[in-house]
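All remarks here apply to the structure that follows.
The values are calculated or read from the model by the stated rules, or taken from the named source; none is laboratory data. Keep in mind that what you see is a predicted model, and the values were worked out from it rather than measured. Glycine also receives a Cβ, built like all others from the backbone with ideal geometry; neighbour counts cover every protein chain displayed.
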Amino acid sequence: MVNLVLRFISCSRAAGLRISTSEVLDCLDHLKRVDFLDEPQFAAVLRANFAKSRREQFHFNRVYDLFFHELRQESNIAQADPLSEQIQNTLQSLTSRQDDDGASQAVLDFLGGDPLSFLEQMQPGFAEGNGRVGGTGSNLGPMIQRLALMLQLNAAEDALAEYLTNQRDQLPWEIRRDLKALFDARLESARRLLTSARRPFEDLTKKTISHRQHLDRLGEIHFASLTKKEVEGMREVIEQLVRRLKDTLGRRHARKSRGVLDVKKTLRRAAGYQGIPMELFFRNRPPRKAKIVTLCDVSGSVWSAARFMLNMLYSLQDCFTQVRSFVFVAGLDEVTNIFEDHEINQAIEKILKEADIEYNAATDYGLTFRQFKKNYMDILNKKTTLIIIGDGRSNYSNPEEQILDAMRERSRRVIWLNPETPYFWYTGDSEMRTYQAYCHEVRPCQNLNQLLDFIKSLIL
C-alpha cells in the first residue's frame, strides 16, 4: 500500500500538485487510522493531505480518477490484470516501431498503466492560473505544447490496430478484442486529459439539475452500486418508465387498429374499377401477446439486477399473455404466485425469505437446468420467450448446456441478461462462452437504462 501511495504522489507532483515530504508522512500516518480498503475513507485522507485549495481539489480529483479508476492501479498491478502478459508484449512490439523521443515513450507508458511521464509531458495543462502559457498573443495556450503528445497518440492508435490485425493467427479473438477495448479506453483517457477545458471553479460549483436529469443519472448507475436511498428513487423512475412504455404501446396499437392490408379482398373489389384499387380493405388482427418465462439467479450481487428486472416485467404484465417467474441458486423454485398475490416490493422481500432454495449454496446452473427439465419443461412452447438473468458463473460444475439447447428448441426465443461487465464474461468459472451458443440473444444489463432498452425491444 505504501508503494502504491508513493506512486500516486509522484503522479500528483507531475500533474502540478505541491506535496511536501511532511505531508506524505502525515498521510501515511493517517492511513493507519482508517480502513484503507474503504475507498471513500482512503480518498478522503489523500485529498485532505494533498489538496489544499479548491483549485487543487479539482486537479487532485482528476489525477485520482485517472490513477485508481481509469488505469486501475493496484499494489500488484502486474499480476492484477489477466492481460498483463499480452499488454507487455504489445507495448514491447510498439516500442521498436515508435520514435525514440520523450512524447512517444510517455504515450507507451500511459498505455501500460503508468501515467507519470505522460503527466510530466503535459505539465502546462495542470499549471496554476487560467492555463494561458503560450506566451503573449497566443490563443492556443498549452495545446501547442500538447500537439506532440496528440500526434503520438494517433500514431500509437494506428500501430495498435496494425499489430492486432497481424496477430490474428497468434492470439485468440477474445484476447484481441479485450486488448483493443483496454487500449481504446486508455487512449480515450489520454485524449480527454489533453483536450478537456480547465475551469476548476465551475466544475466545483454545485449546479442545479432538473428532476429529469436526476432520473437519467440514476439510470446510468450500476445496479450493484446503488445506495439504499437511490434504490428508493429507482421505484419512482420505474413507475414513470412503465407509464411511458404503456402509452407508447397504446399508441402503437391504436395506429394499427385497422389491421393489415387484405390484398385479396382489395384486388377483387378493384376489378369493378378496371383494376384500380379505389377501396382498401384491412384484416383486423389483435396484437400478439407473448408468454414470458424468467429464470433469475438471486445469488449475491446478481440479485440487485434480477429484482429490478422482475419489477419491470411485473409492472408490464398486461402487455403479455402470461408471465411465470423462477428464482435459483443451486436449485429452482417458482415464485409466480408470490408476485400475483403481493405488491411488487413486498413480493421481493418474501422471495428473499420464503423461496424454497438454499441461498448460501454455491451457484449451480447445471442443477437448475436439470430441475427445470424435470418439472417445468412442458411450459415452454413456440409462443414463449425464455429470459435468463445471471452471470453464468457455475463454480466449475457441469453446465448442462444440452438442456439449455433443448429449452431453446422448445421456445420462441432465449434471451440471456448478464449483469456483469462483458470484459469478465469469459474469465474464471464463467460458462458464458458455452451458454452463448444456445441463446438467440445475450446482452449486458447493468443499469436501468440498459434494462429499459431491453424491455422496449421485448414489447415494442
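List every residue pair whose Cβ atoms lie under 7 Å apart, where the two residues are 6 or more positions apart in sequence or sit on different chains, the first residue falls within the range 50-71 and is in contact (Cβ under 8 Å) with a residue 40 or more places away in the chain, and the second residue, located anywhere, is assigned to a helix (DSSP H, G or I) and of a type in the set (Asp, Glu). Matching pairs, first to second residue: Phe50/Glu23; Phe58/Asp203. Taking the criterion of being surrounded by 15 or more Cβ atoms within 10 Å (Cβ to Cβ), modelled with pLDDT of 75 or more and not in a helix (DSSP H, G or I), the only residue of the range 260-289 that qualifies is Asp262.
Applying the selection to the range 437-455, what residues are of a type outside the set (Val, Ile, Thr) and either in contact with a helix residue (DSSP H, G or I) (Cβ under 6 Å, 6 or more places away or on another chain) or crowded, with 16+ Cβ neighbours inside 10 Å (or both)? Those that are of a type outside the set (Val, Ile, Thr) and either in contact with a helix residue (DSSP H, G or I) (Cβ under 6 Å, 6 or more places away or on another chain) or crowded, with 16+ Cβ neighbours inside 10 Å (or both): Tyr438, Cys439, Pro444, Cys445, Gln446, Asn447, Leu448, Asn449, Gln450, Leu451, Leu452, Phe454.
For the range 153-197, which positions are within 24 Å of the chain's Cα centre (by Cα) and of a type in the set (D, E, K, R)? Answer for the range 153-197, where residues must be within 24 Å of the chain's Cα centre (by Cα) and of a type in the set (D, E, K, R): Glu157, Glu174, Arg176, Arg177, Asp178, Lys180, Asp184, Arg186, Glu188, Arg191, Arg192. Filtered by the rule that a residue be surrounded by fewer than 16 Cβ atoms within 10 Å (Cβ to Cβ) and either of a type in the set (Phe, Trp, Tyr) or assigned to a helix (DSSP H, G or I) (or both), the range 11-22 gives Thr21, Ser22. Taken over the range 434-460, the criterion of being touching a residue at least 24 places away in the same chain (Cβ under 8 Å) and assigned to a helix (DSSP H, G or I) is satisfied by Thr434, Tyr435, Leu448, Asn449, Leu451, Leu452, Phe454, Ile455, Lys456, Leu458, Ile459.
When the residues of the range 164-206 are filtered to those that are exposed (fewer than 11 other Cβ atoms within 10 Å of the Cβ) and assigned to a helix (DSSP H, G or I), the one that is modelled with the highest pLDDT is Thr165.
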